[in-house]
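The values are calculated or read from the model by the stated rules, or taken from the named source; none is laboratory data. In this text, all values refer to a predicted model and were calculated from it rather than measured experimentally. Cβ sites come from the backbone with ideal geometry, for glycine too, and all protein chains shown count toward neighbours.
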Amino acid sequence: MILIVSSKRDIASINIAQQILSQYEFERLSGPFDNNPVYMKRLQNNEIRMIFINKDLINSQFIADFFKPQLLIFISRHSSASGVPTLSVHTPGNLSEASLGGIAGRVSISPASAMREALMEMARIREEMELSYEVSYEATHHGPSLDAPSMFVEVGSSPKQWRDPKAAIAVAHAAMSAASKKSRYSTALGIGGLHYNAKFTRIALSREVAFGHMIPKYAISKVNLEIVKQCIEKTMEKVESVILDWKGIRGADKEKLRMILDKIGVDIQKV
């Protein structure tokens, strides 16, 4: 079972959910969850369910007490001070402290291939609908921290975009693409660069490469060998390489990173 999770506290999440329900044929089930309706669709011998929760999505650690899905897709707003219109995808989890939900030093399992499907679909629809939005991977961040393949697909970065029906359509199709396609790609752990990594995004959009976890420049000083190993082990697909945004890594962190990666034993590429 694949689970799509929407928050009643998130206007973008509700708008995306409404687009999924209007664009695809879901049926309403009789039993509620969190006092909200539950919807279901069968697709390619798989069951997709959509639930609504009354908490913010970053505080949905409790989901693991009720569901053991093969994939969790959180449909969400995204906020940033820049306000740049953005369609994005990332894995939840905390590389260090847990300041926004989840568990400190614990990441969720990253569904790298499903995230690439979502990224590709958002890029396709952006062109088709002529949307003035950036399409981007985001680094691994915020809760929940789940022992299940989990991903966020988001629209941002301000209330104007959260209420944009065209952006909601793009994210709705991206979520359903992630839920329905069964492709498998060469998988990488990305390290370095900004929170929104343009290099990793370009690689994924132009090559048969999917990124799972991404450790940004600002977090490298806080991670250790165990966290890097966790990012590799908690990826659905086998991580075949570590791709470094080399210029996007502070000089002071490079030697520490070299020492960690020497102990990992995975192919290293610099871009």
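What the table shows:
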| read-out | value |
| --- | --- |
| Any hit, the range 136-147, residues being under 23 Å from D56 (Cβ atoms), surrounded by fewer than 20 Cβ atoms within 10 Å (Cβ to Cβ), in contact (Cβ under 8 Å) with a residue 60 or more places away in the chain and of a type in the set (D, E, K, R) | yes |
| Subset of the range 41-50 [touching a strand residue (DSSP E or B) at 6+ places or on another chain (Cβ under 7 Å) and surrounded by fewer than 14 Cβ atoms within 10 Å (Cβ to Cβ)] | E47 |
| Of all residues in the range 1-35 being touching a residue at least 40 places away in the same chain (Cβ under 8 Å) and in a loop (DSSP other than H, G, I, E, B), the one that is surrounded by the fewest Cβ atoms within 10 Å (Cβ to Cβ) | M1 |
| Residue that is in contact (Cβ under 8 Å) with a residue 60 or more places away in the chain, out of contact with any strand residue (DSSP E or B) (no Cβ under 9 Å at 6 or more places or on another chain) and within 28 Å of I2 (Cβ to Cβ), where the choices are H173, H213 | H173 |
| Members of the range 36-66 that are touching a Phe, Trp or Tyr at 6+ places or on another chain (Cβ under 9 Å) and part of a loop (DSSP other than H, G, I, E, B) | P37, V38, K55, S60, F66 |
| All positions within the range 216-244 that are acidic (D, E), in contact with a strand residue (DSSP E or B) (Cβ under 7 Å, 6 or more places away or on another chain) and outside any strand (DSSP E or B) | E237 |
| Those residues of the range 251-266 which are surrounded by 11 or more Cβ atoms within 10 Å (Cβ to Cβ), in a helix (DSSP H, G or I) and among the hydrophobic types (A, V, I, L, M, F, W, C), in sequence order | L257, I260, L261 |
| Candidates A114, A123, A118, A104, filtered to the one that is out of contact with any helix residue (DSSP H, G or I) (no Cβ under 9 Å at 6 or more places or on another chain) and either aliphatic (A, V, I, L, M) or under 20 Å from S186 (Cα atoms) (or both) | A104 |
| Residues of the range 109-128 satisfying the condition of being closer than 17 Å to F200 by Cβ and either in contact with a strand residue (DSSP E or B) (Cβ under 7 Å, 6 or more places away or on another chain) or aromatic (F, W, Y) (or both) | S110, P111, A112, S113, A114, M115, R116, A118, L119, M122, A123 |
| Top-ranked residue of the range 67-101 - restricted to ones that are touching a Gly at 6+ places or on another chain (Cβ under 7 Å) and not in a strand (DSSP E or B), ranked as modelled with the lowest pLDDT | S80 |
